[in-house]
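J.: Following this message is one structure expressed as structure tokens.
Just so it is clear, none of the values below were taken in a lab; they were calculated from the coordinates. Quick caveat: nothing in here was measured; it's all calculated off a predicted structure. When we count neighbours, we look across all protein chains shown, and the Cβ atoms used for this are built from the backbone with ideal geometry, even at glycine.
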């Protein structure tokens, strides 16, 4: 498992959807450890073009254009991340990193 990979999760808590796609945003050191939970950003079918949102699509494994919402971070159990969808390339990862810094109000 790597940072920037997308997984489809069945019935995530506090979500009305039966399935939701998430992007793993935890640091790679944590992902490589045995820690059972990872921080993930929710993917939605709509976006408002905010600085905290990143557009993804077919190139990343999605069926249609979607948006990573970095204002919607969730702590998911690693065991929930079993249905691999795709991954974000270097250019999209830079956009994701920037969106996370804006969402968390960190210096860039």
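J.: In the set 3, 13, 34, which member is in a loop (DSSP other than H, G, I, E, B) and buried (at least 17 other Cβ atoms within 10 Å of the Cβ)? Walk me through how you get there before you give the answer.
T.: Working: 13 fails: buried (at least 17 other Cβ atoms within 10 Å of the Cβ); 34 fails: buried (at least 17 other Cβ atoms within 10 Å of the Cβ).
On inspection, the qualifying residue turns out to be 3.
J.: Of the conditions (1) assigned to a loop (DSSP other than H, G, I, E, B); (2) in contact with a helix residue (DSSP H, G or I) (Cβ under 8 Å, 6 or more places away or on another chain); (3) surrounded by 11 or more Cβ atoms within 10 Å (Cβ to Cβ); (4) free of Cβ contacts under 8 Å to residues at least 60 places away in the same chain, residue 50 fails just one. Which one is it?
T.: (2)
J.: Within the stretch 64-98, take every residue that is touching a helix residue (DSSP H, G or I) at 6+ places or on another chain (Cβ under 7 Å) and part of a strand (DSSP E or B) and give me the one that is surrounded by the most Cβ atoms within 10 Å (Cβ to Cβ).
T.: Going through the qualifying residues, I end up with 68.
J.: Mind listing whichever residues of the stretch 20-31 are without any contact (Cβ under 8 Å) to a residue 40 or more places away in the chain and part of a strand (DSSP E or B)?
T.: Scanning the stretch 20-31 gives a single hit, 20.
J.: Can you list residue pairs whose Cβ atoms sit under 7 Å apart, with the first residue in the stretch 89-108 being within 16 Å of residue 40 (Cα to Cα) and the second being assigned to a helix (DSSP H, G or I)? Count only pairs 6 or more apart in sequence or on different chains.
T.: That search, which allows pairs on different chains as well, returns 92/60.
J.: Given (1) under 11 Å from the mean Cα position of the chain (by Cα); (2) within 18 Å of residue 98 (Cβ to Cβ), where does residue 47 come up short, assuming only one miss?
T.: (1)
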